Amino acid sequence: MSKRIVIVIGHPRSGSFCHALAKEYADGAASAGSETKVLPLDTLRFDPILRAGFDGAQPLEEDLVAAQEAIRWAEHLVFVYPVWWGTMPALLKGFIDRVFLPGFAFKYRTGSALWDRLLAGRTGELIVTMDSPPWYYRWLAGQPGHRMMKKTVLEFCGVRPVGVTSIGSVRKSTPERRESWLAKARQLGLAA
């Protein structure tokens with residue numbers, strides 16, 4: 001079944017392996033009849049710092065307005081990024097801080113500890129590269145970045161289920177191993 005898919009590339013360097021994975025995912029999704037929009041954060045123009053937190057007004061740049069429109073349009077959100085120091089790169093964190101705002105992604109209820117999940121009805125997927133072996137990141141480090149992105153960002157905003165694919169160790173990988181990961185990304189796109 002075809003879907004409307006937004007793919008966010010959170011690697012700050014164009015031409016990265018994350019960009020190649022996102023391209024394969026998009027190609028696979030297109031082959032399955034899905035529509036895709038790709039948001040490569042390295043090309044978007046925006047201030048990644050939420051200057052006043054949620055208490056002040058900070059106008060969204062044109063690229064962030066377009067990103068919110070794409071997310072509203074989407075049925076499935078895919079994030080492709082590396083793990084650096086246990087979590088996502090600062091560029092992706094800044095994108096989330098600036099885009100997943102109250103009134104867009106969630107809404108606090110007056111006089112309540114509860115909130116409304118404004119992105120409900122969408123599913124999500126994380127494709128995450130790392131230099132550590134995935135078993136190390138899972139069993140010894142406890143997957144802090146995966147848990148944060150899945151639970152306290154996407155599911156907090158109503159996106160569920162959220163699938164996670166860990167790819168590593170990229171640094172020591174062979175060309176053959178990288179080709180197998182690219183094929184896996186294409187398969188994930190086909191199955192989306």
What list of ³J(HN,Hα) values in whole Hz, one per residue of segment 56-73 in order, does the Karplus curve 6.51 cos²θ - 1.76 cosθ + 1.60 (θ = phi - 60°) give from phi, with Gly and Pro shown as x?
x, 8, 9, x, 7, 5, 3, 5, 6, 4, 5, 5, 4, 4, 5, 5, 4, 5
Mean Cα-pair separation over length for segment 4-191, i.e. relative contact order, pairs under 8 Å, 6 or more apart, %
28 percent
Candidate lysines for bridging to residue 37, where Cα separation is under 22 Å - those fewer than 8 sequence places away on the same chain excluded:
3, 23, 93, 150, 184
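If you take every DSSP beta bridge whose two residues both sit in the chain, what share of them, in percent to the nearest 5, is antiparallel?
Restricted to the chain, the bridges split so that about 15 percent are antiparallel.
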Name the long-range amide H neighbours of residue 75: under 5 Å, sequence gap of 5 or more, or other chain; modelled H, no Pro or chain starts.
4, 5, 6
Estimated FRET transfer efficiency (residue 72, residue 138; beta-carbon r; R0 22 Å; 0.05)
0.10
For residue 167, list long-range residues whose amide hydrogen, built 1.01 Å from N in the peptide plane, is under 5 Å from its own amide hydrogen.
128, 129, 130
In whole Hz, with x marking every Gly and Pro, tabulate ³J(HN,Hα) for segment 165-181 from phi via Karplus 6.51 cos²θ - 1.76 cosθ + 1.60, θ = phi - 60°.
10, 9, 10, x, 7, 5, 4, 9, 7, 8, x, 5, 5, 5, 4, 5, 5
Would you mind ranking 5, 71 so that the residue whose beta carbon has the fewest other beta carbons within 10 Å leads the list?
71, 5
Could you line up 129, 165 from fewest to most neighbouring Cβ atoms inside 10 Å?
165, 129
Determine the percent antiparallel among the DSSP beta bridges restricted to segment 59-145, to the nearest 5.
35 percent
Under 17 Å from the Cα of residue 107 - lysines, other chains or at least 8 residues apart:
151
Among rounded, prolate and oblate, which fits segment 1-97 when a ≥ b ≥ c are the square roots of the eigenvalues of its C-alpha gyration tensor, a/c under 1.5 means rounded, and a/b larger than b/c means prolate?
oblate
Show the residues, 5+ positions off or on another chain, whose built amide H is closer than 5 Å to the amide H of residue 39.
7, 8, 9
Sort 78-84, 171-177, 31-37 by the packing proxy (mean of other Cβ within 10 Å over each peptide's residues), most packed first.
78-84, 31-37, 171-177
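Since every read-out is calculated from the coordinates, none of them should be taken as a lab result. Model, not experiment: these values are computed from the prediction. Heads up, the Cβs are rebuilt from the backbone with ideal geometry, glycines too, and the neighbour counts pull from every protein chain shown.
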